[in-house]
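Asks: Dumping the structure here so I can ask a few things about it.
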Amino acid sequence: MDSHPESPLAPPPEAPREPILTLPPALTAYILLIAVIHLRVLLPPEIENWTIDVFGFIPKRYDTTLLDITFPGGEGAKVWTFVTYSLLHANLTHIGFNVLWLLPFGSALARRFGAVRFFVFMAVTAAAGALAHLLTHEHAIAPMIGASASVSGTMAAAIRFAFVKGSFLSFSRGDAEAAAKVPALSLWKALRNGRVLAFLAIWFGVNILFGATSLSLGGEEASVAWQAHIGGFLAGLLLFSLFDPIPRARDDAADASPVDQSGRV
């Protein structure tokens, strides 16, 4: 009988690694909600305008000197528009720009927080952005719409752990779930990290540029509400610890750049 030599044992296949940018269910639901709401552009113009007036954020709605002007939505709109404006967008470019930044930062945050914390966080940062816009545009009658304040909040929150060794912006990282669950830096330590400082400088520089030059998005006449971006960003940075379920890193924990913290994003 013919015999066949035994073949050497093949090494076990490596476990597939989850791509770093796969979308968690909470973020997928958030993006789908924005997309479905944007179908309002298919409505007749008068209904489309009414929708923006009722659910967009209008600073002049809160002007106590107005005695003879009634805005759509009544008193209730003074409450819900602090959040609902963030679900409305001007065009597909506006949506695409926000989703582009949500892919890395929003994905990591949704995995870290879980669905409930993530949605509450998006609402809180949206409200913070609306408040910043109100304080700087007290008598403005143009509605503000867009998720940029919440997107800015996710970016600010994510940098509290994004550069920690093993996280999604570090040089050494695991799969997406592990990268989102590394212990975060304290606010004080984060503000001493060279990579975080470089990120902050670039982010604030870009937003100040938008404000100083009155750049618009997607060729539209409406300008960028950069003050709302800053409001959402500061809320995300300062309130991160209230939402974070992961135990904090020790003061002596190594970060992504233990030797040289002068690196840049």
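The values are calculated or read from the model by the stated rules, or taken from the named source; none is laboratory data. These numbers come from a predicted model, not from an experiment. Glycine gets a Cβ as well: all are built from the backbone with ideal geometry, and neighbour counts include every protein chain shown. Surface accessibility is based on the protein's heavy atoms, side chains included, excluding ligands, DNA and RNA. Shrake-Rupley method; radii C 1.70, N 1.55, O 1.52, S 1.80 Å.
Asks: In Å², and per residue, what accessible area does the range 25-242 have when probed at 1.4 Å with the other protein chains present? It would help to have the intermediate numbers written out before the result.
Replies: Details: 9930 Å² over 218 residues.
Value returned for the range 25-242: 46 Å² of accessible area per residue.
Asks: ³J(HN,Hα) across the range 120-130 via Karplus (A = 6.51, B = -1.76, C = 1.60, θ = phi - 60°), whole Hz, x for Gly/Pro?
Replies: With the stated coefficients, the range 120-130 comes to 5, 4, 4, 5, 5, 5, 5, 5, 5, x, 5 Hz.
Asks: Ok, one more. May I ask you to give the average projected area over all directions of the convex hull of the Cα atoms of the range 25-242, in nm² rounded to one decimal? Let's see the in-between values first.
Replies: Values: hull surface 50.9 nm².
Mean orientational projected area (the range 25-242, Cα hull): 12.7 nm².
Asks: Report the residues of the range 80-99 in range of a label on ALA123: point 7 Å along Cα→C-beta, backbone N strictly under 15 Å from it.
Replies: Once the point is set 7 Å along Cα→Cβ of ALA123, 80-87 turn out to lie under 15 Å by backbone N, inside the range 80-99.
Asks: Quick one: with all protein chains in place, what share of the accessible area of the range 25-242 is carbon or sulfur, to the nearest percent (1.4 Å probe)?
Replies: Numbers: 7010 of 9930 Å².
C and S atoms contribute 71 percent here.
Asks: Something else: What residues have an amide H closer than 5 Å to that of MET144, excluding those fewer than 5 places away on the same chain, when H is modeled at 1.01 Å from N in the peptide plane?
Replies: The list, which skips near neighbours in sequence, is PHE57, ILE58.
Asks: Still on this structure, I have one more. With θ set to phi - 60°, apply the Karplus curve 6.51 cos²θ - 1.76 cosθ + 1.60 along the range 93-101 and write out the HN-Hα couplings as whole Hz, x wherever there is a Gly or Pro.
Replies: Values per residue, Gly and Pro as x: 4, 4, 4, x, 5, 5, 5, 4, 7 Hz.
Asks: Just to verify a number: FRET efficiency for ARG192 and ILE246, C-beta to C-beta distance, R0 = 22 Å, to 0.05?
Replies: Numbers: r = 20 Å, r/R0 = 0.93.
It comes to 0.60.
Asks: Then there is this: Report the extension gain between LEU103 and ASP175 in nm, rounded to one decimal, defined as 0.36 nm multiplied by the number of residues separating them, less their alpha carbon distance. Write out the running numbers ahead of the final one.
Replies: On the way: separation 72, 0.36 × 72 = 25.92 nm, distance 1.52 nm.
Length gained between LEU103 and ASP175: 24.4 nm.
Asks: Would you kindly state how much longer the chain becomes between HIS139 and ALA201 on full extension, computed as 0.36 nm times their sequence separation minus their alpha carbon distance, in nm to one decimal?
Replies: Numbers: separation 62, 0.36 × 62 = 22.32 nm, distance 3.04 nm.
That pair, HIS139 and ALA201, stretches by 19.3 nm at full extension.
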